[in-house]
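No lab work stands behind these numbers, since they all come straight from the coordinates. Here the structure is a predicted model, which is why all the values come from computation and not from measurement. Neighbour counts are summed over all protein chains in view; Cβ atoms, including those assigned to glycine, are modelled from backbone coordinates with ideal geometry.
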Amino acid sequence: MAYQGVYTALVTPFNQRGAVDEEALKRLVEDQIAAGISGLVPMGTTGESPTLSHEEHLDVIAKVVKWTAGRVPVIAGTGSNSTEEALHLTKKAKELGATATLQVVPYYNKPNQEGLYRHFMALAEAVDLPLIVYNIVGRTGKNLETDTLMRLAAHKNIVGVKEASGDLAQMMDVLARRPKGFTVLSGDDNLVLPLLALGGDGVISVASNVVPQAMVELVKAGLAGRFDVTREKHYQLLPLFKNLFIDTNPIPVKTALALQGKMLETFRLPMCPMDETKRQILREVLKAQGLL
């Protein structure tokens, strides 16, 4: 299947005890689907995957798959800087019914390009599940070069990339060289407009946790070539896009959802609440957007 549209990088709500707040998560899933979202991405960076145990990680994926009940695809975040760990999580995600998997470039240990190629190929060979590569050098410390990505794109299970390098020149290179049917999704909400204009397919979005319908409208217009509408919506939402990164993701987006009464403002260390100055800035942006 082709992956086009808006895929929400779901936050993971926690209760006062710090456990996963299943009721808040279920409400979020239902709100997203009701807004017309194209798919859901649990257990990415926005879902605070680094601080969830493997059991919690897989339980969140299982519940999102269950609640979604086939209405939209579920792209499970199962990446790791350990290939064996990523294999374990990906095999389990397939057993749980995930539609596809999102695999981040291995972080911290900074493999060379051949190591990156072998990592993703090992996953694609071992698990017969569509795989979307996640390139985000700002978090991983290592850029997946386009030559390497094109080698990977030849594999039938490697179906797309979440491009969050922030480098439009690299995005253009990927779009120009990608094989037919290979999906290119923005990993940055504020770069969806240029990516769509260049021929991209949509976004894996943080902002859609807060404004799913508006993001759906923005991307649908762009995919239909109605860039006057896309541009208008982009500039309407740009203050929100910028201020959802006023602090480290997912601190601002969870704070925004908490200000809306949709979940508690609860994190797991080393993530912690933003300071009051930033919270007030975010509050004012939400008010200006008609979201409070």
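Taking only region 209-249 into account, find how many residues are in a loop (DSSP other than H, G, I, E, B), touching a Leu at 6+ places or on another chain (Cβ under 9 Å) and within 17 Å of THR8 (Cβ to Cβ).
Number of matching residues: 3.
Of the residues in region 225-247, how many are closer than 14 Å to PRO194 by Cα and either free of Cβ contacts under 8 Å to residues at least 40 places away in the same chain or surrounded by 22 or more Cβ atoms within 10 Å (Cβ to Cβ) (or both)?
Adding up the residues that qualify gives 10.
For the condition buried (at least 20 other Cβ atoms within 10 Å of the Cβ) and in contact with a His (Cβ under 7 Å, 6 or more places away or on another chain), what is the one hit in ALA98, ALA76, ALA124?
None of the others qualify; the one that does is ALA124.
When region 248-265 is examined, which residues are found to be surrounded by fewer than 20 Cβ atoms within 10 Å (Cβ to Cβ) and under 12 Å from GLU48 (Cβ atoms)?
Once the filter is applied, which keeps residues that are surrounded by fewer than 20 Cβ atoms within 10 Å (Cβ to Cβ) and under 12 Å from GLU48 (Cβ atoms), region 248-265 yields THR248, ASN249.
Need the failing condition index for THR83 against (1) over 16 Å from ALA9 (Cα atoms); (2) buried (at least 17 other Cβ atoms within 10 Å of the Cβ); (3) touching a Ser or Thr at 6+ places or on another chain (Cβ under 9 Å), just the number.
(3) is the only condition that THR83 fails.
Quick test of your reading of the structure: ILE158 fulfils all but one of (1) surrounded by 18 or more Cβ atoms within 10 Å (Cβ to Cβ); (2) in contact with a helix residue (DSSP H, G or I) (Cβ under 8 Å, 6 or more places away or on another chain); (3) closer than 26 Å to GLY225 by Cα. Name the failing condition by number.
(3)
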